[in-house]
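Heads up: the structure comes next, in structure tokens.
The values are calculated or read from the model by the stated rules, or taken from the named source; none is laboratory data. Here the structure is a predicted model, which means the values were calculated and not measured. Cβ sites come from the backbone with ideal geometry, for glycine too, and all protein chains shown count toward neighbours. With ligands, DNA and RNA removed, areas are computed over all heavy atoms of the protein, side chains included. Shrake-Rupley method; radii C 1.70, N 1.55, O 1.52, S 1.80 Å.
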Amino acid sequence: MRLPLAALWLTLAISVPLAAQPADWTRPFPGHRVIGNLYSVGTYDLGVFLITSSEGHILINTGLEDSTPLIRKNIESLGFRLEDVKTLLTMQAHWDHAAALAEIKQISGAEILATAGDAPMLEDGGFSDPHFGGKVWFKPVKVDRILKDGEVIELGETRLTVVETPGHTSGSVSYTMKVREAGRGYDVVIANMGSINPGLRLAVNPTYPGISEDFAKTFRIQNTLSADVWVAGHASQYGLHEKYKPGQAYNPTTFVDPEGYRAAVERHEKLYLEYLATERR
Ligand SMILES: [Zn+2]
């Protein structure tokens, strides 16, 4: 494999099992409003998103096993309660996004919804992960219901559409919603980027059957999504720290970045094609 892994790490913040986790995964970062009823409540690099409604909230991702106190603090600083989370979602069944699911489910009593591809990994703590599996990475959870591609999750006035974007894991998923702010509508994408973890096999002796086609499908779909505003599983992927500084006043345009979204999808697709070419060489 010819890929410059260190460079990949820096640009895509890929999750690899390291003896020491990147400090940015556990470093606190203030909770803040992204746009409308979408809030970011994760750590410095791990994207955790709260979508609020009058009937309770949706939480997407949970970070590491010890991320719960940070997430709780961020949610409370924004005037909401972790106990009011009714629906728990993930973008990919890897430990850096799913490890606190069990604890947050216990605290909130929320329902866990997951894709058919990711549910088995969530239910065995990552043991059946075709790439990293063979050990339990996080506390397993029971998935309450399987999400369907294109399904609209409704909670209060919130409508969140499920967009399967597999490859990074077999059940990786993105979400879209519409937000209205100051008389203008915004298309919002919560994107699971198609990043390739080191050692993954796409075409030759694939990590799981169909993985290469899954990545191709993800880029095809993500290229068609309209994203006025977008966020992703890692802050570095969507340029959080360039767009927002702690204490900055809320403005609905802070995260407006359709060109950045398009460029990020393109960049990931290019890396995928290069990876594939290298593998076949
Ligand atoms: Zn991952």
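To keep it simple, each residue is scored yes or no on (1) touching a Ser or Thr at 6+ places or on another chain (Cβ under 8 Å); (2) free of Cβ contacts under 8 Å to residues at least 24 places away in the same chain; (3) surrounded by 13 or more Cβ atoms within 10 Å (Cβ to Cβ).
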site: Asp187; (1), (2), (3): yes, no, yes
site: Asp214; (1), (2), (3): yes, no, yes
site: Ala232; (1), (2), (3): no, no, yes
site: Gly239; (1), (2), (3): no, yes, yes
site: Phe255; (1), (2), (3): no, no, yes
site: Tyr275; (1), (2), (3): no, no, yes
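The set of residues from region 241-267 being within 18 Å of Tyr175 (Cα to Cα) and either out of contact with any Phe, Trp or Tyr (no Cβ under 6 Å at 6 or more places or on another chain) or within 16 Å of the ligand (Cβ to nearest atom) (or both) comprises Phe255, Val256, Asp257, Pro258, Gly260, Arg262, Ala264, Val265. In the set (1) out of contact with any Ser or Thr (no Cβ under 7 Å at 6 or more places or on another chain); (2) open to solvent by 10 Å² or more (accessible area, probe 1.4 Å), Glu83 fails one condition alone, (1). Among the residues of region 63-78, is there at least one that is more than 17 Å from Gly109 (Cβ to Cβ), within 15 Å of the ligand (Cβ to nearest atom) and open to solvent by 10 Å² or more (accessible area, probe 1.4 Å)? So far as region 63-78 goes, no, none of its residues is more than 17 Å from Gly109 (Cβ to Cβ), within 15 Å of the ligand (Cβ to nearest atom) and open to solvent by 10 Å² or more (accessible area, probe 1.4 Å). Any residue that is within 16 Å of the ligand (Cβ to nearest atom) and over 11 Å from Gly167 (Cβ atoms) - is there at least one of those in region 211-231? Checking region 211-231: at least one residue is within 16 Å of the ligand (Cβ to nearest atom) and over 11 Å from Gly167 (Cβ atoms).
Out of curiosity, is Gly31 modelled with pLDDT of 95 or more and away from the ligand (no atom under 16 Å from the Cβ)? Yes; evaluated as a whole, the condition is true for this residue. Within region 242-253, the residues that satisfy the criterion of being surrounded by fewer than 16 Cβ atoms within 10 Å (Cβ to Cβ) and in contact (Cβ under 8 Å) with a residue 60 or more places away in the chain are Pro246, Gly247, Gln248, Tyr250. Just one residue in the set Lys135, Lys178 is surrounded by fewer than 23 Cβ atoms within 10 Å (Cβ to Cβ) and touching an Asp or Glu at 6+ places or on another chain (Cβ under 7 Å); that residue is Lys178. When Gln222 is tested against (1) in contact with a strand residue (DSSP E or B) (Cβ under 8 Å, 6 or more places away or on another chain); (2) more than 12 Å from Tyr272 (Cβ to Cβ), just one condition goes unmet, and that condition is (2). Scanning region 154-175 for residues that are open to solvent by less than 10 Å² (accessible area, probe 1.4 Å) and of a type in the set (Val, Ile, Thr) turns up Thr158, Val162, Thr165, Thr169, Val173. Consider region 182-200 and keep the residues that are more than 18 Å from Gln237 (Cα to Cα) and more than 16 Å from the ligand (Cβ to nearest atom). The one that is nearest to the chain's Cα centre (by Cα) is Asp187. If you go through region 150-192 and keep only what is within 21 Å of Leu101 (Cβ to Cβ) and either part of a loop (DSSP other than H, G, I, E, B) or out of contact with any strand residue (DSSP E or B) (no Cβ under 9 Å at 6 or more places or on another chain) (or both), you end up with Glu151, Thr165, Pro166, His168, Thr169, Ser170, Gly171, Ser172, Asn192.
Among the residues making up region 89-144, a single one is assigned to a loop (DSSP other than H, G, I, E, B), more than 16 Å from the ligand (Cβ to nearest atom) and closer than 14 Å to Ile60 by Cβ: Ala110. Here Val141 meets the list (1) surrounded by fewer than 22 Cβ atoms within 10 Å (Cβ to Cβ); (2) in contact with a Lys or Arg (Cβ under 7 Å, 6 or more places away or on another chain) almost entirely, failing just condition (1). Going through region 117-132 one residue at a time, which ones are touching a residue at least 24 places away in the same chain (Cβ under 8 Å) and open to solvent by 60 Å² or more (accessible area, probe 1.4 Å)? If the condition is that a residue be touching a residue at least 24 places away in the same chain (Cβ under 8 Å) and open to solvent by 60 Å² or more (accessible area, probe 1.4 Å), then Pro130 is the only one that fits.
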